[in-house]
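What follows is calculated from the coordinates using simple rules that are stated; it is not laboratory data. The structure displayed is predicted, hence computed values, not measured ones. Cβ sites come from the backbone with ideal geometry, for glycine too, and all protein chains shown count toward neighbours.
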Amino acid sequence: MSRPRYYSPAIKRHLVTALYFEAKRQGRPMTVLTNEILERAFRELESQRPIEQGADGMVLHDAPPPYPPQ
């Protein structure tokens, strides 16, 4: 059975190299370090989004982000 195909972006070589050496320094898998960095960055972006209010002062919320909060 074939696996579903997901988009796999090309990451710049110098970033992959930095991730590799940092993961090695920490003694952790590169994928774990990468996931933690991305999750932290998305949480920070989410916290910087302005809160929108409607004309009546009610807070308007968008759909939840596509990544799980921690």
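Between Glu22 and Phe42, residue separation times 0.36 nm minus the direct Cα-Cα distance comes to 5.2 nm.
Between Val32 and His14, the modelled labels are 2.9 nm apart [label points 7 Å from Cα along Cα→Cβ].
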